[in-house]
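S.K.: I'd like to ask you about the structure that follows.
Nothing in this text is a laboratory measurement; each read-out follows from the coordinates by a stated rule. Nothing here was measured: the structure is a model prediction, and the numbers come from that model. Heads up, the Cβs are rebuilt from the backbone with ideal geometry, glycines too, and the neighbour counts pull from every protein chain shown.
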Amino acid sequence: MLTDKQIRETLLEKLKKDNSEKSFRIVEELVICDGLARADVALINGKLHGYEIKSDLDTLERLPNQKKYYDLTFEKSTIIIGKKFENKIFDFIPEHWGVILAYENKFGNITFKMIRSAKSNKSTLSDGLLDLLWNDEIKVLLKSNNIKGYSNKPKTYLKELVHMNINYRELVDYAKETLKNRTGWRADLP
């Protein structure tokens with residue numbers, strides 16, 4: 001039976017290898033939707049891609065809520081499952097989610113088998129992206145668009161200004177670049 005740790009280590013190696021020629025950042029345990037959920041692994045490159053791991057030791061009890069918050073935040077989502085969930089996972093996730101089966105091969109190594117590739121999520125919302133940004137980062141976005149009157153305002157007001165003045169595509173691009181290049185975030189991140 002594979003554990004979360006085993007699957008995660010293999011996933012991180014794969015993501016680093018697959019993106020070695022690109023500008024990217026990998027964030028483990030990314031808090032989304034102002035703390036309502038946490039993505040096991042997020043890949044930030046040309047897309048904002050969330051990965052949820054359900055090992056053979058897990059349950060699917062929290063997945064309905066996680067699915068909802070992933071869909072508000074990520075352009076693509078993939079679930080990596082142990083063999084335990086192979087026959088029932090499709091009852092729990094939408095069609096745009098990717099599915100990868102993780103198993104131990106005959107040599108004792110962890111292998112990933114792509115069951116279904118992730119497709120673009122049409123449910124991502126501005127709020128999900130704005131929840132990923134710090135207040136100062138939102139202010140930089142507003143300032144770069146010549147929007148004024150926000151210096152001492154709370155995040156809810158800043159978010160409203162973004163909704164009224166900045167198009168969704170610009171916000172998506174800004175959020176990805178900001179997360180990829182953020183410094184002073186967490187001790188575990190480069």
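S.K.: Among DSSP beta bridges whose residues both lie in region 36-154, state the antiparallel percentage, nearest 5. Spell out each step's value before the answer.
M.R.: Details: 10 of 20 bridges.
Here the share of antiparallel DSSP bridges comes out near 50 percent.
S.K.: Can you flag which of Lys68/Lys155; Lys17/Lys159; Lys113/Lys176; Lys47/Lys106; Lys88/Lys155 are past 32 Å Cα-Cα? Intermediate results must be reported in sequence, preceding the final value.
M.R.: Details: Lys68/Lys155 22 Å; Lys17/Lys159 36 Å; Lys113/Lys176 28 Å; Lys47/Lys106 34 Å; Lys88/Lys155 40 Å.
The answer is Lys17/Lys159; Lys47/Lys106; Lys88/Lys155.
S.K.: If r is the Cβ-Cβ distance from Glu21 to Lys47 and R0 is 22 Å, what FRET efficiency results, to the nearest 0.05? Let's see the in-between values first.
M.R.: Details: r = 16 Å, r/R0 = 0.71.
Working from the Cβ atoms, E equals 0.90.
S.K.: Which trypsin sites (Lys or Arg not before Pro) does region 12-47 hold that lie in a coil by DSSP with at most 10 other beta carbons within 10 Å? Intermediate values should be presented prior to the final figure.
M.R.: On the way: sites: Lys14, Lys16, Lys17, Lys22, Arg25, Arg38, Lys47; in loops: Lys22, Lys47.
Hits after loop and neighbour filter: Lys22.
S.K.: List the longest stretch of the chain that has no exposed loop site; here a site is one of the GluC sites (Glu not before Pro) assigned by DSSP to anything other than H, G, I, E or B, with at most 11 other Cβ within 10 Å.
M.R.: Working: sites that count: Glu21, Glu61, Glu95.
The reported range is 96-190.
S.K.: Averaged over all directions, how much area does the convex hull of the C-alpha atoms of region 28-93 cover when projected, in nm²?
M.R.: Numbers: hull surface 17.6 nm².
In nm², the orientation-averaged hull projection of region 28-93 is 4.4.
S.K.: Could you pull out the trypsin sites (Lys or Arg not before Pro) across region 137-185 that fall in loop regions by DSSP (anything but H, G, I, E, B) with no more than 14 other Cβ atoms inside 10 Å? Walk me through the numbers on the way to the answer.
M.R.: Working: sites: Lys139, Lys143, Lys148, Lys155, Lys159, Arg169, Lys176, Lys180, Arg182; in loops: Lys148, Arg182.
Qualifying residues, ordered by number: Lys148.
S.K.: Moving to a separate point now. Does a label point 7 Å from the Cα of Leu36, set along Cα-to-beta-carbon, have any residues of region 147-185 with amide nitrogen under 14 Å, and which are they?
M.R.: Of the residues in region 147-185, none has backbone N under 14 Å from the label point off Leu36.
S.K.: How much net charge surrounds Gly46 when only other residues with a Cβ under 14 Å from its Cβ are counted (Lys, Arg +1; Asp, Glu -1)?
M.R.: Cβ neighbours under 14 Å give a net charge of +2.
S.K.: Suppose R0 equals 25 Å; then what is the FRET efficiency for Glu95 and Asn165 from their Cβ-Cβ distance, rounded to the nearest 0.05?
M.R.: On the way: r = 34 Å, r/R0 = 1.35.
Once the sixth-power term is evaluated, E becomes 0.15.
S.K.: If you don't mind, there's one more thing I want to ask. Label Asp4 and Lys143 with points 7 Å out from Cα along Cα→Cβ: what is the distance between them in nm?
M.R.: Taking the two extended label points, one gets 3.8 nm.
S.K.: Placing +1 at every Lys and Arg Cβ and -1 at every Asp and Glu Cβ, with all other atoms neutral, what dipole size does the chain have around its Cα centre, in debye to the nearest 20?
M.R.: Working: 33 positive and 28 negative charges, 66 e Å.
About 320 debye.
S.K.: Continuing with the same structure: Can you work out D for region 42-156 in µm² s⁻¹ from Stokes-Einstein, where Rh is the Kirkwood radius over C-alpha pairs, the temperature is 20 °C and the viscosity is 1.002 mPa s? The partial results should precede the final answer.
M.R.: Working: Rh = 16.2 Å.
Result for D is 132 µm²/s.
S.K.: Of the chymotrypsin sites (Phe, Trp or Tyr not before Pro) in region 54-135, which ones lie in a loop per DSSP and count no more than 16 other C-beta atoms within 10 Å?
M.R.: Phe92, Phe107, Trp134
S.K.: How big is the C-alpha Rg of region 126-181 next to the rule-of-thumb value 2.2 N^0.38 Å, as a ratio?
M.R.: Working: Rg = 10.0 Å, N = 56, 2.2 N^0.38 = 10.2 Å.
Taking N as the residue count of region 126-181, the ratio is 0.98.
S.K.: Please work out the FRET efficiency for the pair Leu57 and Lys14, using the Cβ-Cβ distance as r and a Förster radius of 30 Å; give the result to the nearest 0.05. Mind dumping the intermediate values first?
M.R.: Numbers: r = 21 Å, r/R0 = 0.69.
So, using R0 = 30 Å, E works out to roughly 0.90.
S.K.: Strictly greater than 18 Å: what percent of every Cα pair in region 6-57 meets that? Don't jump to the answer; show the numbers that get you there.
M.R.: On the way: 415 of 1326 pairs.
Tail of the P(r) past 18 Å holds 31 percent of the pairs.
S.K.: Can you give the extra length, in nm with one decimal, that the chain gains between Lys106 and Lys155 once fully stretched, where that is 0.36 nm per residue apart less the Cα-Cα distance? Provide the component values of the computation, followed by the final result.
M.R.: Details: separation 49, 0.36 × 49 = 17.64 nm, distance 5.20 nm.
That works out to 12.4 nm of additional length.
S.K.: Among Thr73, Ala37, Trp97, whose Cα sits farthest toward the positive end of the charge dipole of region 4-116 (+1 at Cβ of Lys/Arg, -1 at Cβ of Asp/Glu, about the Cα centre)?
M.R.: Comparing the listed Cα positions along the dipole, Trp97 ranks first.
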